[in-house]
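One structure is given below, encoded as structure tokens.
The values are calculated or read from the model by the stated rules, or taken from the named source; none is laboratory data. Just so it is clear, the structure is predicted and the values come from calculations on it, not from any experiment. In this analysis, Cβ positions are derived from the backbone assuming ideal geometry, glycine residues included, and neighbour counts consider all displayed protein chains.
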Amino acid sequence: MRVLILGQPDSFFNRQLYAEAVQRGHACDVVTLDQLRCRLSTGATSIRTLTEQDTPRMLIDYDVCLVRAMPPGSLEQVVWRMDLLWTLEHQGVRIINPPKAIECAIDKFLTLSRCAAAGLSVPETICCETSEEALVAFDELGRDVVAKPLFGAEGRGMIRVSDLETARRVFHAWEQIGAVLLIQKFLSEAREDLRVMIIGRQPLGAIRRNAVNDFRTNAAQEGIAHRYELNAAEAELARAACEATGVLFGGVDLMYDAEGILRILEVNACPGWKSFEKTTGIAVPQNLFAWLEA
């Protein structure tokens, strides 16, 4: 296969993917989306990039494109990059994950909406733009909520709010910077969740993550991971979440609420696996390329 990895060449994960591709005899290039020297045409296939050797190569010559990051940029730049991915997919390059799946998974509210529409269990969540509406949501959700950025990863920007005056200040501050307010009912004091790694919409394995310093369980927030054996219901909910969002390769976060009901927290379309691999001993790049080859 000829493989294109869209992400930072010095990323721990991208270095692993590149090494695995080369070891298996595949041609592989790693480049960030914002560094692609390319153009799109409505006429034919004039889409190309330049490799490290500065040799022109048509993007449509790749068999697989692994999207590992969406670089920050203006709204127009981000939309243009998604146009590029859609065009490549339309012209026969297999995009992992597909553009529509990336658009869905990067948006926490859209992810939960798609899952809820598919009949899957998600936390009570309200999304709005004004602090006034956010305070109404705060009351409706029992005055114990988690406020999250609409976009974001690794637990960054999340805050638990259970005090009215704090809620006023937080929601007003977010409104002032033009943020969308996503407010979710706080689920459980157990301070643990499950991260399920998915390849080909099938669970590869799972870890249980326990929070240490606050309610966030992410490894980036010093959460502690333990290997976890999924039961059938947990595995099916993670699989169904990926089907609802279109994600083929990703990480699904699940949590039991205070009543013991399993709920989907989010679906990550560009998952990391350092903690997962260290905890489970399961090599994600090897399994990913075995699936791609098959």
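Give, as residue ranges, the strands (runs of 3 or more DSSP E) completely inside the range 4-108 that count at least 1 residues that are at pLDDT 90 or above. Steps first, answer last, please.
Details: elements: 27-31, 48-50, 56-58, 64-67, 94-96.
It comes to 27-31, 64-67, 94-96.
When the residues of the range 100-128 are narrowed to those that are among the small types (Gly, Ala, Ser) and under 18 Å from the mean Cα position of the chain (by Cα), which ends up surrounded by the most Cβ atoms within 10 Å (Cβ to Cβ)?
Filtering the range 100-128 for residues among the small types (Gly, Ala, Ser) gives 101, 105, 113, 116-119, 121.
If we keep only those that are under 18 Å from the mean Cα position of the chain (by Cα) too, we end up with 101, 105, 113, 116.
Values: Ala101: 22, Ala105: 26, Ser113: 16, Ala116: 15.
The extreme case among them is Ala105.
Looking only at the range 261-287, count every residue that is crowded, with 18+ Cβ neighbours inside 10 Å and either in a strand (DSSP E or B) or among the hydroxyl-bearing types (Ser, Thr, Tyr) (or both) and tell me the total.
8
Read through the list (1) surrounded by fewer than 16 Cβ atoms within 10 Å (Cβ to Cβ); (2) in contact with a His (Cβ under 9 Å, 6 or more places away or on another chain); (3) not acidic (Asp, Glu), then give the number of the only condition that Ser131 fails.
(1)
Among the residues in the range 245-260, are any part of a helix (DSSP H, G or I) and modelled with pLDDT of 95 or more? Before the answer, list the steps.
Within the range 245-260, the first condition is being part of a helix (DSSP H, G or I), and the residues that meet it are 245.
Then keep just the ones that are modelled with pLDDT of 95 or more; that gives 245.
Scanning the range 245-260, I find at least one residue that is part of a helix (DSSP H, G or I) and modelled with pLDDT of 95 or more, so the answer is yes.
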